[in-house]
1. Kindly list, by first and then second residue, each pair from a residue in the stretch 194-206 that is touching a residue at least 40 places away in the same chain (Cβ under 8 Å) and open to solvent by less than 40 Å² (accessible area, probe 1.4 Å) to a residue that is of a type outside the set (S, T, N, Q) and assigned to a strand (DSSP E or B), limited to pairs with Cβ atoms under 9 Å and residues at least 6 apart or on different chains.
2. State the number of residues belonging to the stretch 123-154 that are assigned to a loop (DSSP other than H, G, I, E, B) and of a type in the set (Ser, Thr, Tyr).
3. Can you find a residue that is touching a helix residue (DSSP H, G or I) at 6+ places or on another chain (Cβ under 9 Å) and more than 23 Å from Thr100 (Cα to Cα) anywhere in the stretch 161-173?
4. Select from the stretch 52-94 the residues that are without any contact (Cβ under 8 Å) to a residue 60 or more places away in the chain, surrounded by 21 or more Cβ atoms within 10 Å (Cβ to Cβ) and over 21 Å from Ala209 (Cβ atoms) and list them in ascending order.
5. For the list (1) touching a residue at least 60 places away in the same chain (Cβ under 8 Å); (2) open to solvent by less than 70 Å² (accessible area, probe 1.4 Å), I need the number of the one condition that Cys230 fails.
6. Would you mind finding the one in Lys220, Lys132 that is of a type in the set (Lys, Arg) and either within 17 Å of Leu81 (Cα to Cα) or over 17 Å from the mean Cα position of the chain (by Cα) (or both)?
7. Of the residues in the stretch 122-139, how many are closer than 23 Å to Glu93 by Cβ and open to solvent by 30 Å² or more (accessible area, probe 1.4 Å)?
8. What helices (runs of 4 or more DSSP H) lie completely within the stretch 36-122 and have 1 or more residues being modelled with pLDDT of 95 or more and acidic (Asp, Glu)?
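The values are calculated or read from the model by the stated rules, or taken from the named source; none is laboratory data. What you are looking at is a predicted structure, and each value in this text was computed from that prediction instead of being measured. Neighbour counts are summed over all protein chains in view; Cβ atoms, including those assigned to glycine, are modelled from backbone coordinates with ideal geometry. Just so you know, the surface numbers come from the protein's heavy atoms only, side chains and all, with ligands and any DNA or RNA stripped out. Shrake-Rupley method; radii C 1.70, N 1.55, O 1.52, S 1.80 Å.
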Amino acid sequence: MASHYEAGTKNLKNSEVASYDRNYAAHRQGITHEEMVQCYTKWAPEYEKDLGPHYNGPQFATKAISTVFQEKDQRMNVKILDVAAGTGVVGMELADKGFTNIDALEPSHGMLEQAKKKKIYNRLICECIGEKHTDIEDDTYDALVVSGGMGEGHIPCIALREMIRVVKSGGAICIVMREEYLMYVQEYKDKLEQFMAQLEEEGKWKRVARDRVQNYSFNKYGVVFLYRVC
């Protein structure tokens, strides 16, 4: 059986392999959270150059949030938390659509330094999201978005509770991720969607959509989850 790496590079052009390798390094099997953060910090200066042409997650995330907040003249008042904000690519997409009240949460100081240069975030929070409470008050945001933050050693399932905590009742949570991670990342396989359903049964949130999208990253399918907080 081919490894996940071999399967992932099967249909790539030779010119794309180097970029895929750098992305894979941050998602490799067995990587710890700390190693992942270090990897992104080292990669930060070249991240957008490497990943930009191959990654459409930010566009999918922004499109989903835009369906929730359709009144363009009101978008400047929508307070959004960009989780795993990276270098700020999602923030740029959101700002381009009129969402200008955005905070960034990102565990890699190197990535956050790159995001700071874009001058699109009100608050830059260098922190991971997981089981413990972040330095954010309850019911702070109208929306929360995650694009590219799910993967090996990345955001754990339990972090969904923290996401719900910081979003107001009626607010939106959008999570965009590579579909195949649901199938082989041990943190998510037979766990993530089940936990999402459990939270819905608990009355914490309600699913609005689960869309499978083409060419999320490196011509691979992605999944866009959209929820409303109860």
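1. The qualifying pairs are Trp205/Val167; Trp205/Ile173; Trp205/Tyr227; Trp205/Arg228; Trp205/Val229.
2. Number satisfying all stated conditions: 2.
3. The answer is yes; a qualifying residue exists.
4. Within the stretch 52-94, Ala85, Thr87, Gly88, Val89, Gly91 meet the criteria.
5. (2)
6. Within the list Lys220, Lys132, the selection yields Lys132.
7. 6
8. 89-96, 109-116
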